[in-house]
Every structure is written in C-alpha cells, then in structure tokens.
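Report on the structure given below.
The values are calculated or read from the model by the stated rules, or taken from the named source; none is laboratory data. Bear in mind that the values here come from a model prediction, so they are computed numbers and not experimental data. We place every Cβ from the backbone using ideal geometry, glycine too, and count neighbours over all the protein chains shown. Side chains are part of the model used for accessible areas, which takes the heavy atoms of the whole protein and leaves out ligands, DNA and RNA. Shrake-Rupley method; radii C 1.70, N 1.55, O 1.52, S 1.80 Å.
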Number of protein chains: 2
Amino acid sequence: MAPHSRDEAAAPGPDPDDPRLPATSWAVLGMLAFEQELSGYDIKKWADWSLKLFYWSPSFSQIYGELKRLERHGYVTSRTVMQDDVRGKRVYAITPTGREAVRTWARTAPVETPVLKHGVLLRVWLGHLTDPTRLREIVAEHRDNSERRRAEAAVDTQAAHNETAWAYPEIALKWAERYHAAERDLADQMLRDLDDLQASGRATAPMPLAAGSASAAGAGARVAGDEEG
Amino acid sequence: MAPHSRDEAAAPGPDPDDPRLPATSWAVLGMLAFEQELSGYDIKKWADWSLKLFYWSPSFSQIYGELKRLERHGYVTSRTVMQDDVRGKRVYAITPTGREAVRTWARTAPVETPVLKHGVLLRVWLGHLTDPTRLREIVAEHRDNSERRRAEAAVDTQAAHNETAWAYPEIALKWAERYHAAERDLADQMLRDLDDLQASGRATAPMPLAAGSASAAGAGARVAGDEEG
DNA sequence: CTGGAGTATTTCTATTAGAAACACACGCAG
DNA sequence: CTGCGTGTGTTTCTAATAGAAATACTCCAG
C-alpha cells in the first residue's frame, strides 16, 4: 500500500495547513463563507442558479459527501432544524478554522487551466462525418443556447447589483454575461467559416475513403509511420 | 439488480444501433476515423496536441480502456506491430461498422451544454476572501495563460491550413484561437472591473463578520430563512 | 555505464456526473 | 378523500474521468 496515502480521517481535529482538498470542496466551503447556514439542498440550488454559469454545478451526492468531509476537518459544523414536527433538515455553518482554510486556499492555490469540454466543437472537428446542413443546425442550436445563457447571466447580474455586499459575485456574473455573449458570437463566426468552406467546394470529401490518403493524418499522427516487423 | 443495466459485454458482435457510449469513446473513435492506424499512445499525443484546446484531453488509462471497449463493440480492430525485435505496440483501425456508428453519433447526438469549470472565476466570485492585490495577480496570470493558448492555437491553425483535407479541424482550431483571445480580453475587462471596485471603495469589506448581515446571502440563499423549530 | 528523455501500456485511487430510490408535505383535480 | 404531481431533503449506487505511478524497454549524451 502507499506510504499513508493522503489520509484525512486520521485526527479528529482540523489539519495544520490546508489539506489538499479538491476544488469542489472549496466551492462548497466558499458558499458557506457568505455567512449563512445552508443545507445541502440549498447549496445545490444556489449552485444551479448562479455558479453553473462559470463553474459546473456539483451533484447532490458530491455536495453531501463534501459537507461530511468538511465537518470531519472541522471546517463546518452542522445542526438539525425542524421545519414541521417530524421533518428536519441538517444545516451547515462555516467555522473560524474553515474560514481561515478557504482564505488560504483562495490566496495560495495555483492558477489552473479552466476545464473546457466542448462537445459541439468536437463535432465540428469531425465535420467530415456529418452532412453540412446538419452540422450547421448543430452550431446554430449552440449559438441559441449561448444567447439564452447570456440572458440568464444578465438577469443574475442585475439581481447581484441590487444587493450590497455582492460586489465580487457581480463581477463574476458580468464576466459570465460577456463570456456567453462571446460564445454566441464565436458560433456565428464559425457558421460563416462553415459556409465559406461549402462555397469553396472543399467540403464533405476531405478524406477519400480509398486511394492515396497516405499522408492523411498529417502532423499529429505521423508517429505511426515507421513501423512494420 | 437493475433490469439489465446497459450491458455491453453481452453479445460479441457489434450492437444494432449506437449503444450509449460516453463522449470520450466517440472522441477516440473519431480520431481513428481520420484513416490511420493509431496506438493508444499516438491518440494521447494527438489529443494533447490539438484536441485539448477545446476538448479536455483524456488520460492514458481512459484511452486504453476505451479502445478495448470499442474493440468489444466491433468498432475497431487491432494488430500488433513490431518496432524492434522484442518491443511491439498495438495499433487500432476503425471498421466500417465503427465508421457508421460514429457518423450516426455525429448526426444525431443532442447538442449538449459545454462543460466549463473555471477555477479562476470561482476565486473571483469568492473575491472577498482574498486581498485585492493577490486577486489581481491571479487574474493577470490567467490572462497571460490565455494568450499563450491563443498563440498555440494560431500555430496549429496554420499547420492545419497547409494540409489538404484538414478543412474541419482548421475551422475548429480557428474557433479555438478566437476563443482563447476572447478569454484573454475577458480577463482584461475583469481586471478593469476589479480596479473600479477598488476605486469605489466597496472592496474587501463586503461581508461584515459580525453585525447586521441578516439579508447577506441574498436571493439564492433566502431558502434557509424560514425555519427554526 | 549511468541517467534522462521518449515510447508504450497497465494499474490504482480519488473525483465527478448522473440517475434513482426514498421519504414526506402540500395543493389540486377527479 | 384519494391519488398525482411538484417541491424539499438526503442517501445510495454506478459509471466516467483525472491523475499519478509502476513497469519496461530504447536510444542518446556525458
């Protein structure tokens, strides 16, 4: 087995510095840092509402799991509040230790590459597999979706603007608004590129199925060119 | 147990339609659709080189796993080629069935939301946890990284332009070039927003640790406001 | 001949996505 | 009043994914 992995169930108390928690932990702890008791359900809804515009919303399973882990670390405490006589829910609040930890993370974590997985672009990249009309439809739909998300972000930006103390979320949401506007415009430009390709007649036959496609896969794939035994 | 889950080790032959494979499977199969025998290693290198600019590059473990699954489905075949007398490698080639399957996927798969996980934005959103100078540094570093990726994409776009038959990858790479340029410009705009916030004096004290932060978490968090038992 | 870089693949663990199951409350249509 | 859908709130399960590391062998430089 590994030397001791990166255990975290060892001591009951909080860790000395910040243990290397995944980004989602910090996101959850960060939400709690806005001074408010929140249940797992609250966090999920809030994330869906606003965080998802620039940071993929975590699943229920993960949120509840993270909350338990954060509690083990002493970063949050929880209590059960009753809503009617039988039903209760567990709400979490950040501790001073947790606040310190999330501050340290925000200050010192390395600047990482944003994760982007753009299915539409993958399909454009593989454009020779689809007929041009359908491909155009796909990109057009993506453009419309981007505009929809832009509008959503604009509404949320307004909402944040009206609340004092939401200065930073407002800046992030403004960024999201511009980001999704850019996505929309990028889609439009790509639509034009696609049309130009059509007009130039080089489309739909990029990879002759038989015949001399020897140098086909070009630069990236030439690696497989010197084998045979 | 579930009715029959979505088994895929059932029949040895290829599936009737397209079994619901994850996106990564299609990405791998799509690369093989460029007519070329490729090893797992080749695919990884190629993905790192170009796909990662718009579609997060899969890990070795996943690529090798996907190749085995694709072979079980009859979408690819493999053979071992010798490079010297002892060392060999396994290269994969797409089958007609596989080509048909990836075509069907490209044509019919729903247009899905791109996955974005932007750590930098998360930290801006939580800006009140960091001192403004450090936050500015983080965003500035992100801007520089974006410009670097933009330049990378520009080089690759050129390379694709010179190869015939790379029309669609070229369009995708052109998109990537503009995308990362947009990211760079968005970071610059956000830097200005951050400076404005500083100038207006509303920074660093958005969340009074004590005192009347009753309505603090605002719109999204008001959910926890009507409890107590 | 030792060390590092590149090729090539496998194994392991932790993180993450997503669906589903469960449980209860509330309002509304039949 | 009975069932049905919707919303709250949480847990459990499976599969997908990221990332590091182990293995192993080659070639080249010092």
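For the reader, a short list of remarks on this structure follows.
- By accessible area with a 1.4 Å probe, ligands and nucleic acids excluded, highest first: order of A:TYR64, B:TYR92: A:TYR64, B:TYR92
- 7 Å along Cα→Cβ, label-point gaps from B:ARG107 to other copies, nm, shortest first: 5.9
- 25 °C / 0.890 mPa s Stokes-Einstein diffusion coefficient of the stretch A:53-134, Kirkwood radius on C-alpha pairs, µm²/s: 144
- On a per residue basis, the stretch A:119-200 carries 37 Å² of accessible surface, using protein heavy atoms and a 1.4 Å probe.
- For the Cα trace of the stretch A:119-200, dividing Rg by the Kirkwood Rh returns an Rg/Rh value of 1.17.
- Violating pairs (Cα-Cα greater than 21 angstrom) within the set A:LYS45/A:LYS68; A:LYS68/A:LYS117; A:LYS45/A:LYS89; A:LYS89/B:LYS117: A:LYS68/A:LYS117; A:LYS89/B:LYS117
- By the equivalent-ellipsoid construction on the alpha carbon gyration tensor, the stretch A:62-202 comes out with semi-axes of 43, 18, 18 Å, ordered largest to smallest.
- For the residues of A:27-36, the average number of beta carbons from a partner chain within 10 Å of their own beta carbon is 6.
- For the chain pair A and B, the interface hides roughly 10300 square angstrom of accessible area in total, found with a 1.4 Å probe.
- Among chain A residues, the one whose Cβ is nearest the axis of the rotation from A to B, given with its distance rounded to whole Å, is A:ALA182, 2.
- Nearest-first distances (nm) between copies at B:ASP84, label 7 Å from Cα via Cβ: 7.5
- Each of B:ASP48 and B:ASP85 was given a label point 7 Å from its Cα along the Cα-to-Cβ line. The distance between the two points is 3.1 nm.
- Cβ-Cβ FRET estimate between B:ARG107 and A:THR113, R0 fixed at 45 Å, reported to 0.05: 0.90
- Residues B:THR164, B:THR108 ordered from highest to lowest accessible area at a 1.4 Å probe: B:THR164, B:THR108.
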